[in-house]
Amino acid sequence: MSAEKPDDLIPRIRDYLASRMPDARGLAVGAVQRIAVGWSHETWLFDLTWRDGGESRRQGLCLRRDPGNALLRHLSDLEAQYRVLVCLDPTPLPTPKPYWFERDVAILGAPFLVMERVAGTCPNPWGREGRAFYAAAAARGSLPASFTATLATLHTLDWRAAGLDFLGVPAAATGFARREIAKWRELIAVSEHPPEPILTDLIGWLEANAPSTERTTLVHGAYRTGNLLIHEDRISAVLDWELQVLGDPMYDVAYVLSDLNREGTPLLSNLVERDAFFRDYEAATGFTIDEEVCRYYNALYAMRSAAFWMSASGLYAAGRSDDLRLARTAWSVPVVLERAARDLGY
């Protein structure tokens, strides 16, 4: 599936969309391209043109397909992502409009979803050009403010009214943290990676120090530059709905504060001044950022990162993926654990 060419997909995509748009005439799929983003699902962009009542119409669309060897393995659920986007569509949070989810593998060889292609770019924050882009945007000021305001919108939307309770409401007190620990422990187990003493120690520390959650909100799980579409110095869409949960908003805040998400700059996520983020986020949400809790979640992210890279490298080692990026993640496991050891006071 990974070697499939656009010419092989175009007729099948066109036929599927024709079945979903019976009134469209002269429907055509063009400018198909696969973009190398994300670690779990294939992403294809294309233009759809058709005639409706004598008028010519054009719509940019995005198709995401499950290759069956996602980094998150059994925890990856494309249908859940579609349901989240459906729930978020009427809310103030900018997200791509979802159109269809299809579980019938006979159509494109795997489950897939089709959604709006939102205007904007998504510069890679790890590359030189991406860092230059965000540094220039930081100097202008509008994008950093939009970054913080969008996270505040995400954390203050009414998730119950939106129908997002299907994600699972965590138990009170330490339930959220313990549920996350159990999830990533499960991924570590299925990766069949040899035991890591530092990781065992880290998990023990996380279980012994799990914080109580003061409030439950929608949590993105990976809110940072690189997962946000940008148009005219504003966040035009929040992308990468794969790690979302209901839980402690400080989980997202900790991710923003982490120095793992910035390259040689004091700017959070390569974009936002720390003091401005604290000020604007707290003013917009009414929440006080708890730095002690954020430090805990930073340690939990170390466990999660180790689980990611153990799973990724394991998929390559087992011959289930030929993506060289996954092979290279074997190097990341000791890097993450060495950092965790320092944070634990080794």
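The values are calculated or read from the model by the stated rules, or taken from the named source; none is laboratory data. The model shown is predicted, which means the values in this text are computed figures rather than measured ones. Counting neighbours? That spans all protein chains shown, and the Cβs are built from the backbone with ideal geometry, glycine included. Note: areas computed on protein heavy atoms with side chains; ligands, DNA, RNA excluded. Shrake-Rupley method; radii C 1.70, N 1.55, O 1.52, S 1.80 Å.
Every condition in (1) closer than 14 Å to ALA302 by Cα; (2) without any contact (Cβ under 8 Å) to a residue 12 or more places away in the chain holds for GLU196 except the one numbered (2).
Just to be sure before I move on: is THR150 part of a helix (DSSP H, G or I), of a type in the set (S, T, N, Q), modelled with pLDDT of 95 or more and under 30 Å from ARG117 (Cβ atoms) in the structure I sent? The answer is yes for THR150. Of the residues making up the stretch 1-53, those that are part of a loop (DSSP other than H, G, I, E, B), modelled with pLDDT of 90 or more and of a type outside the set (A, V, I, L, M, F, W, C) are PRO22, ASP23.
Residue count for the stretch 158-180, restricted to those that are at negative phi and surrounded by fewer than 18 Cβ atoms within 10 Å (Cβ to Cβ): 13. Of the listed requirements (1) assigned to a helix (DSSP H, G or I); (2) at positive phi; (3) not basic (Lys, Arg), GLY319 misses just one: (1).
Within the stretch 313-340, residues that are among the hydroxyl-bearing types (Ser, Thr, Tyr) reach partners that are outside any helix (DSSP H, G or I) with beta carbons closer than 6 Å, at six or more positions or on different chains, in the pairs SER321/ASN69. Close Cβ contacts (under 9 Å, 6 or more residues apart or on different chains) running from residues in the stretch 231-258 that are farther than 18 Å from ALA162 by Cβ and among the aromatic types (Phe, Trp, Tyr) to residues that are at pLDDT 95 or above and in a strand (DSSP E or B) comprise TYR251/VAL219; TYR251/VAL245. Of the helices (runs of 4 or more DSSP H) that lie entirely inside the stretch 73-141, those containing 3 or more residues that are farther than 22 Å from HIS155 by Cβ, in contact (Cβ under 8 Å) with a residue 12 or more places away in the chain and open to solvent by 50 Å² or more (accessible area, probe 1.4 Å) span 128-140.
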